[in-house]
Amino acid sequence: MIMGRGRRESEQPTHGSGIHIGGDNNAPNQNVVGRNISYVHQHAPGHGAVDTETVRGLLASFRAEVDDNESGLDHAVAVRAMTDTIAASLCMPDPRAQAGALRGVVQALPALVAGTVVEQGGEALVHAIAGWIG
């Protein structure tokens with residue numbers, strides 16, 4: 001007869017422990033390396049916490065990354081077009097007036113850079129824009 005293995009005392013969930021991992025999300029259970037953890041809460045800085053100069057700096061950095069790695073990017077033309085949209089918005093008297101176009105960039109850019117060497121720069125730029133346009 002095979003008997004099921006009971007949960008050891010050391011495997012009992014502990015209450016009151018929490019892990020902060022950033023982002024806007026709450027998750028009661030996550031599986032990390034085969035372990036279930038509870039009380040995971042994510043949060044991001046409030047909207048509007050990013051200024052225009054931060055976005056400009058990240059844009060310049062990201063464009064340099066794209067230039068340096070163009071041969072390895074399948075969607076380099078589309079990525080460049082998105083950076084042009086961002087740059088054009090930054091040149092307007094009220095850059096946030098282009099919020100619709102910028103939201104489109106925020107939605108599309110992560111998919112274009114996913115798994116590439118410019119992914120981190122693209123993600124940083126997207127998060128900054130999202131915080132900037134609120």
Which shape class applies to the range 80-134: rounded if a/c is under 1.5, otherwise prolate when a/b exceeds b/c and oblate if not, where a ≥ b ≥ c are the square roots of the Cα gyration tensor eigenvalues?
prolate
Suppose every Lys and Arg Cβ carries +1 and every Asp and Glu Cβ carries -1, with no other charges. What dipole size does the range 51-134 come out with about its Cα centre, to the nearest 20 debye?
300 debye
Between Asn69 and Ala81, the two model label points (7 Å from Cα along the beta-carbon direction) sit apart by a distance in nm of 2.1 nm
Taking Cα pairs closer than 8 Å and at least 6 residues apart, the relative contact order of the range 62-134 in percent is 36 percent
Report the label-to-label distance for Arg56 and Val117 in nanometres (one decimal), using points 7 Å from each Cα along the Cα→Cβ vector.
2.9 nm
By how many nm would the segment from Ala124 to Arg103 lengthen if fully extended, with 0.36 nm per residue of separation less the alpha-carbon distance?
6.1 nm
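None of the figures in this text is laboratory data; all of them are computed from the coordinates on show. None of these values were measured; they are calculated from a predicted model. Don't worry about glycine lacking a Cβ; one is built from the backbone with ideal geometry, like all the others, and counts go over all protein chains shown.
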